[in-house]
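The values are calculated or read from the model by the stated rules, or taken from the named source; none is laboratory data. As the structure is a computational prediction, the values presented were derived from the model and not from experiment. We place every Cβ from the backbone using ideal geometry, glycine too, and count neighbours over all the protein chains shown. We work out accessible area using only protein heavy atoms, side chains counted, and drop any ligands, DNA or RNA first. Shrake-Rupley method; radii C 1.70, N 1.55, O 1.52, S 1.80 Å.
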Amino acid sequence: MKRALVAAAVVFTAARCATVVNETTEKIPVRSTPAGAVVSVDCGNAPLYGGVTPATIAVPRVATPCSITIAKEGYVPVKVNFQRQLSSASNANKVAAAPVGAFAALISFVVADHLGMDADKVAGSVYSATTAVAAAPANAIDQSKGGAYKQVPGEVDVTLDPEPTTPSPPR
């Protein structure tokens, strides 16, 4: 019983691995040519003012939709849309759940072998299912907090085009 409690404690302390690795916000460098453009952020509860290029903005990983506008007087503003994608850091929850899956697979291997079943196939299926179930609470936490996601592109570098000039009427 004591070993089971220790194993459960290890799994629960390792939960939320993606949020621990990624945090809930993502820092995105923003550069423009020419420099000195104002960055406006439109991502959930993020502040509207993101600074002046070159800048690093912090956007919520959970935000969707999420975009920035880069503007400078005399130039055409550029809007950059971010896409929220699943981060590979969320795979860490599977690692934390692996001991539970391995334990269940070991038990199922012994039982299946005793019953004359294909023990390798049964143990493999039980491992996959148990690991997924054990990782589910941590995945849910990471998705709600944003740690499971990344915003793409991870950096922004734009060239601003001069605003078109209209010719002056003749005198």
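A few notes on this one:
- Of THR53, THR25, THR166, the order by accessible heavy-atom surface (1.4 Å probe, DNA, RNA and ligands excluded), from most exposed downward, is THR166, THR25, THR53.
- For SER88 and VAL110, a Förster radius of 35 Å and the Cβ-Cβ distance give a FRET efficiency of 0.55, rounded to the nearest 0.05.
- Local electrostatic count at SER67 - Lys and Arg +1, Asp and Glu -1, tallied over other residues with Cβ under 11 Å: 0
- Fraction of accessible area attributable to carbon and sulfur, region 127-171 (%, probe 1.4 Å): 57 percent
- Violating pairs (Cα-Cα greater than 25 angstrom) within the set LYS121/LYS145; LYS121/LYS150; LYS27/LYS145: LYS121/LYS145; LYS121/LYS150
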